[in-house]
Amino acid sequence: MSQVLALKYRPTTFDGLIGQNSVTQTLTLALNQNRLSHAYLFSGLRGSGKTSTARIFAKALVCDKGPTATPCEECENCKMANENRHIDIIEMDAASSRKIDDIRELIEHTKYKPNSARFKIFIIDEVHMLTKEAFNALLKTLEEPPTYVKFILATTDPLKLPPTILSRTQHFRFKQIGEKDVVNHLSHILNLENVKYEEEALRMLSRSGNGSLRDTLTLLDQAIIFSKGNITAPSIASMLGLLDPKQLDYIFDIILAKDKEKIVYTIKELVDYECEVILDEIIAYLKSAFLNRDNRFSTMLSERFFRILSEAKNLLYLNADNSFVLSLVFFKMIEAVNIKTIDEIIENLENEKFRVAPDTLEVQTITKKSTREVKEETSKPQNLAVKSTSKTTLTS
């Protein structure tokens, strides 16, 4: 039976962690210099690598050649740690074991020395789920544990932890993994799995994963099956209910062309899609176009479009009708294309050229000139044909 990608390619070394360079660098230096704390707190988005880092750090602490940032992977302690069966590395899920009795049992374990390693390590996942009484019971032990005990706490919501707990730990914040890092990691995995892919399809998967590598790898598993081993942008769009990149190109082409008839027809075609998904895709498209300096979108126009989309999001939160919101967005964008700022109007006026035609005094285009130059030219007889029966004054 094939293993899911999130487990098959779960990192086992600090070098294998994706997108958390500041965390890995600090932990590596602490291990190599033997400057270790008694308690650590890892916080961040789900799927950002907190639990994987906790397990790697625990293995680095129990390795026969440790504490070291590069565990040997050959000693019995490393092997047992990799197989998640090390007797001195105790993992606890605070989402299901959150009561004071569970913490009391854990504290009882801290009284006994390690069986085979130099440290006894307690990894408490989703620690914010503990009850108030459980936190109070843990507090004293967390502040002054035995020298052979290390605590590693992990949470997606550090704000729910009491300040007394936060003050007794070294806090490491795991950031959202960037799209570039996720795409590179996905392409590396697909090359190892001998699966064909389009880079645009991987970017779509990365955006849908929202910075969570685990969530993205779960989607990648699904994508390999759905696309029959050839991951393309249209297949991913169909799988996730997203817009094909070519559809987005077409939508903005008709918006910039101010073609209202085609916009109405397009809105009817998009009725089966979730409005929020469409708005997110449009925002991602505009963001990419803006960062890549797409000549179709000036800074001012991009700003207007983003403001329109932001207002539309607020309407969705108020449970407004999806078709109405989408229609409002598209027609507002068309109007935004027509609007000119004062600066743009002034610039257009400055670029206009004026010239007076002989015998008719008709104003025509001339090269941009200063007021003084125009007055000097108009004062010369050959530049103006003035009829004897009329007196003409030219003002610039």
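The values are calculated or read from the model by the stated rules, or taken from the named source; none is laboratory data. Every value quoted in this text rests on a predicted model; they were computed, and no experiment measured them. Because the Cβ atoms are built from the backbone with ideal geometry, glycine has one as well, and the counts that use them run over all protein chains shown.
The figures follow:
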| read-out | value |
| --- | --- |
| Within the stretch 255-287, tally of residues that are small (G, A, S) and assigned to a helix (DSSP H, G or I) | 1 |
| Residue in the stretch 54-63 that is surrounded by 22 or more Cβ atoms within 10 Å (Cβ to Cβ), assigned by TED's automatic domain parsing to the domain that holds T12, part of a loop (DSSP other than H, G, I, E, B) and not hydrophobic (A, V, I, L, M, F, W, C) present | no |
| Per-region count, the stretch 299-314, residues under 13 Å from D280 (Cα atoms) and in contact (Cβ under 8 Å) with a residue 24 or more places away in the chain | 5 |
| Test: residue in the stretch 79-94 that is out of contact with any strand residue (DSSP E or B) (no Cβ under 9 Å at 6 or more places or on another chain) and surrounded by 17 or more Cβ atoms within 10 Å (Cβ to Cβ) | no |
| Checking G16 against (1) of a type outside the set (S, T, N, Q); (2) surrounded by 15 or more Cβ atoms within 10 Å (Cβ to Cβ); (3) farther than 17 Å from Q170 by Cα, the condition it does not meet | (2) |
| Filter pass, T70 being more than 23 Å from the chain's Cα centre (by Cα), surrounded by 15 or more Cβ atoms within 10 Å (Cβ to Cβ) and either touching a residue at least 24 places away in the same chain (Cβ under 8 Å) or outside any helix (DSSP H, G or I) (or both) | yes |
| Count of the stretch 312-330 residues which are more than 14 Å from L279 (Cα to Cα) and part of a helix (DSSP H, G or I) | 0 |
| Any hit, the stretch 212-231, residues being crowded, with 20+ Cβ neighbours inside 10 Å, of a type in the set (V, I, T) and in contact with a strand residue (DSSP E or B) (Cβ under 6 Å, 6 or more places away or on another chain) | yes |
| Boolean, L192 is over 17 Å from R46 (Cβ atoms), surrounded by fewer than 18 Cβ atoms within 10 Å (Cβ to Cβ) and either in contact with a His (Cβ under 7 Å, 6 or more places away or on another chain) or assigned by TED's automatic domain parsing to the domain that holds P114 (or both) | no |
| Per-region count, the stretch 121-169, residues loosely packed, with under 15 Cβ neighbours inside 10 Å, of a type in the set (A, V, I, L, M) and either assigned to a loop (DSSP other than H, G, I, E, B) or under 25 Å from the mean Cα position of the chain (by Cα) (or both) | 1 |
| Out of F297, F290, sole residue that is among the hydrophobic types (A, V, I, L, M, F, W, C), part of a loop (DSSP other than H, G, I, E, B) and assigned by TED's automatic domain parsing to the domain that holds F331 | F297 |
| Those residues of the stretch 206-239 which are among the hydroxyl-bearing types (S, T, Y) and over 13 Å from K196 (Cα atoms), in sequence order | S206, S208, S212, T216, T218, S238 |
